[in-house]
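Below: one structure, written as structure tokens.
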Amino acid sequence: MNQKDIIDIVAEKTGYPKYYVRDIVTKTFDVILEEMFIHPVTIRGFGKFFTKERKGRYVIHPETGEKIIYPSKLKPILTLSRSLPDKEF
């Protein structure tokens with residue numbers, strides 16, 4: 001399932017036009033992505049979006065033997081709610 005499928009299903013279930021649902025879904029994802037790099041975003045009953053720093057490391061190029069530094073970076077993480085697997089769909 002992708003974003004287009006989500007938009008189609010929500011538009012069908014709510015009766016709202018697809019362009020309206022597309023704006024809401026897109027803006028919702030944008031807000032989550034922006035905010036998760038500042039502080040954790042928790043959606044009750046679904047999960048928690050946050051970032052974790054991945055430490056930098058040294059690697060050696062296999063052909064040249066040159067040392068290469070991979071810098072540290074933020075890695076996005078989603079942990080699902082504990083109650084999610086118990087829900088019946």
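Readers should treat all values here as calculations from the given coordinates under stated rules, not as data from a laboratory. As the structure is a computational prediction, the values presented were derived from the model and not from experiment. FYI the Cβ positions are ideal-geometry reconstructions off the backbone, even for glycines, and counts take in every protein chain you see.
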Practice item. Output the direction-averaged projected area (hull surface divided by four) of the convex hull of the alpha-carbon atoms of segment 40-83, in nm². Key: 4.1 nm²
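Using unit Cβ charges (K, R positive; D, E negative) and no other charged atoms, how large, in debye to the nearest 20, is the dipole of the chain about its Cα centre?
With Lys and Arg at +1 and Asp and Glu at -1, about 340 debye.
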Revision key, fill the gap. Helix 18-36: inclination vs the chain longest Cα principal axis, degrees, rounded to 10, gives 40 degrees
Point to revise | Spatially proximal aspartates and glutamates relative to residue 52 (Cα-Cα < 13 Å; intrachain offsets below 8 disregarded) | key: none
Study note, to complete from the structure: Dividing the helical contributions, -39500 (n - 2.57) per DSSP H run of n ≥ 4, by the residues of the chain yields a 222 nm value, nearest 500 deg cm²/dmol, of -11500 deg cm²/dmol
Exercise for review: Starting from the Cα gyration tensor of the chain, multiply each eigenvalue by 5, take the square root, and state the resulting semi-axes largest first in whole Å.
Suggested key: 37, 17, 14
Review point. Which FRET efficiency value, to the nearest 0.05, is calculated for residue 9 and residue 38 with the Förster distance at 25 angstrom and r the Cβ-Cβ distance?
Key: 0.25
Practice item. Could you calculate the contour length gain from residue 24 to residue 54, that is, 0.36 nm times the residue separation minus the distance between their Cα atoms, to one decimal place in nm? Key: 7.6 nm
